[in-house]
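Undergrad: The following block contains the structure, expressed as structure tokens.
The values are calculated or read from the model by the stated rules, or taken from the named source; none is laboratory data. The structure displayed is predicted, hence computed values, not measured ones. Counting neighbours? That spans all protein chains shown, and the Cβs are built from the backbone with ideal geometry, glycine included. Note: accessible area is taken over every heavy atom of the protein model, side chains too, but ligands, DNA and RNA are not part of it. Shrake-Rupley method; radii C 1.70, N 1.55, O 1.52, S 1.80 Å.
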Amino acid sequence: MPSLPSAPSQPPLLGRSQAELMHWVEQQGQPAYRGRQLHQWLYQKGARSLEEITVFPKQWRAELATLNLGRSELYHRAASPDGTVKFLLKLQDGQIIETVGIPTEKRLTVCVSSQVGCPMACDFCATGKGGFSRNLATHEIVDQVLTVQEDFQQRVSHIVFMGMGEPLLNLEAVLAAIGCFNQDLGIGQRSMTISTVGIPGQIRRLAAQQLQITLAVSLHASNQALRERLIPSARHYPIAALLEECRDYVGQTGRRVTFEYIVLSELNDGPEHAAELGQLLRGFQSHINLIPYNPIQEVEFKRPNRQRLQAFMQALKEQHLAVSVRQTRGLDRDAACGQLRASVLPQ
């Protein structure tokens, strides 16, 4: 698979570790402790420019007035009655991405994007319908979490790479962002999830990192023919090969795999599909997360009603599979799973 274009190679300060920031300030002729101050202002105070960092000498701030810290611009904000907030962020090259803040009583989750658009073109997903522009740089991923944290005035506790893009096609920047979230923002790896449709060889690369994150694989079908209909890239990655790589992941990391399954009424939610999933996943250390389809304009898939969804879940349980249903959040603001397209809804 050809390599994908990335953001500019010269990284801003955001995304760098405390040690890297200390080294940078020393290169500017400043004492090392300024690096610790810079780290605090970037990650705890959310500074957007060096001018805001008032503990720095005024003359030095003036000299570096045009320095790029790596923060994006808030282009649009849309709040749902359920508390979910969708943010459209304008990057320095003018590209627009989406990130979503999802609050509950005890946690604040950020659904982050890893690419501008997505090259996977899944038939049920708005992001894939919009095409692909480029990978996000590490600082552009980290900025999304800081933006949500500032808006909610609440510490982010969980991160899911389930926004725009395929994370395993931008693995280097995603891994760097995970390191930053963990070490610089203090978010535990067990509170992070990477969602992927599956890229040959990349799950094994992820396993080699020995992270404590959750791997969520977008399966969405119980057989190869149906999966190819829904996910074009599946033609190059048969279910058997994908599951073999997932089994290797479990063996290498000791972490179970979550299989995400978009439930499309009367298409992939029949008793026969439950039986096929039982055959595929029997003996697998896994969990199935059912996601009721969230409508988009381009296709006419049907969202299952409550009775049909419950019947399918029961059929899976009868196959001795661990299964749950994901609660839909932000549906009315096109902020739910599969609806992100970096567009502004009419008010």
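Undergrad: Ignoring any ligand, DNA or RNA, what whole percent of the accessible area of region 1-148 comes from carbon and sulfur when the probe is 1.4 angstrom? Provide the component values of the computation, followed by the final result.
TA: Working: 3240 of 6680 Å².
Within region 1-148, the accessible surface is 48 percent carbon and sulfur.
Undergrad: Got a number for the accessible area of residue 164? Probe 1.4 Å, square angstrom, nearest 10.
TA: Probe radius 1.4 Å; accessible area of residue 164 about 10 Å².
Undergrad: At a Förster distance of 41 Å, what's the computed FRET efficiency of residue 250 paired with residue 24, Cβ-Cβ distance as r, to 0.05? Before the final figure, lay out each step's value.
TA: Details: r = 40 Å, r/R0 = 0.98.
The formula returns an efficiency of 0.55 here.
Undergrad: Turning to a different aspect of this structure: Where Rh is the Kirkwood radius over the Cα pairs of the chain, the temperature 37 °C and the viscosity 0.692 mPa s, what D in µm²/s does Stokes-Einstein return?
TA: 155
Undergrad: Length gain on complete extension for the stretch residue 320 to residue 75, per 0.36 nm per residue less the alpha carbon to alpha carbon distance? Display every interim value, and only then the final one.
TA: On the way: separation 245, 0.36 × 245 = 88.20 nm, distance 4.65 nm.
Separation in residues times 0.36 nm, less the Cα-Cα distance, equals 83.6 nm.
Undergrad: Let me ask you something else. FRET efficiency for residue 54 and residue 225, Cβ-Cβ distance as r, R0 = 41 Å, nearest 0.05?
TA: Values: r = 62 Å, r/R0 = 1.51.
My answer for the efficiency is 0.10.
Undergrad: Here's something else I'd like to know. What do you get for GluC sites (Glu not before Pro) in region 186-282 restricted to DSSP loop and a cutoff of at most 16 other Cβ within 10 Å of the site's Cβ? Write down the numbers at each step before the final one.
TA: Values: sites: 228, 244, 245, 260, 266, 272, 276; in loops: 266.
Answer in residue order: 266.
Undergrad: How about region 124-190: which trypsin sites (Lys or Arg not before Pro) there are in a DSSP loop, with at most 15 other Cβ atoms within 10 Å of their Cβ?
TA: Hits after loop and neighbour filter: 155.
Undergrad: Quick one: of 86/302; 58/90; 45/106; 86/317, which pairs are farther than 32 Å apart, Cα to Cα?
TA: Details: 86/302 24 Å; 58/90 29 Å; 45/106 22 Å; 86/317 34 Å.
Over 32 Å apart, Cα to Cα: 86/317.
Undergrad: Sort 58, 90, 317 by heavy-atom solvent-accessible area, probe 1.4 angstrom, most to least.
TA: On the way: 58 160, 90 75, 317 95 Å².
The ranking, largest first, comes out as 58, 317, 90.
Undergrad: Let me ask you something else. Leaving out ligands, DNA and RNA but keeping every protein chain, what accessible area does residue 326 have, in Å² rounded to the nearest 10, with a 1.4 Å probe?
TA: 60
Undergrad: Express the Stokes-Einstein translational diffusion coefficient of region 154-216 in µm² s⁻¹, to the nearest whole number, given a Kirkwood radius over alpha-carbon pairs, 10 °C and a viscosity of 1.306 mPa s. Spell out each step's value before the answer.
TA: On the way: Rh = 12.0 Å.
Estimated diffusion coefficient is 133 µm²/s.
Undergrad: If you take every residue apart from residue 54 with its C-beta less than 15 Å away from the C-beta of residue 54, what net charge results, scoring Lys and Arg +1 and Asp and Glu -1?
TA: Details: positive: 34, 45, 48, 58, 61; negative: 51, 52.
Residues near residue 54 contribute +3 overall.
Undergrad: Could you state the accessible area per residue of the chain in Å², with a 1.4 Å probe and every protein chain left in place?
TA: Working: 15320 Å² over 347 residues.
I get 44 Å² per residue for the chain.
Undergrad: Turning to a different aspect of this structure: What length, rounded to one decimal in nm, is gained on full extension from residue 328 through to residue 209, with 0.36 nm per residue of separation minus their alpha-carbon distance? The partial results should precede the final answer.
TA: Details: separation 119, 0.36 × 119 = 42.84 nm, distance 3.14 nm.
Answer, rounded to one decimal: 39.7 nm.
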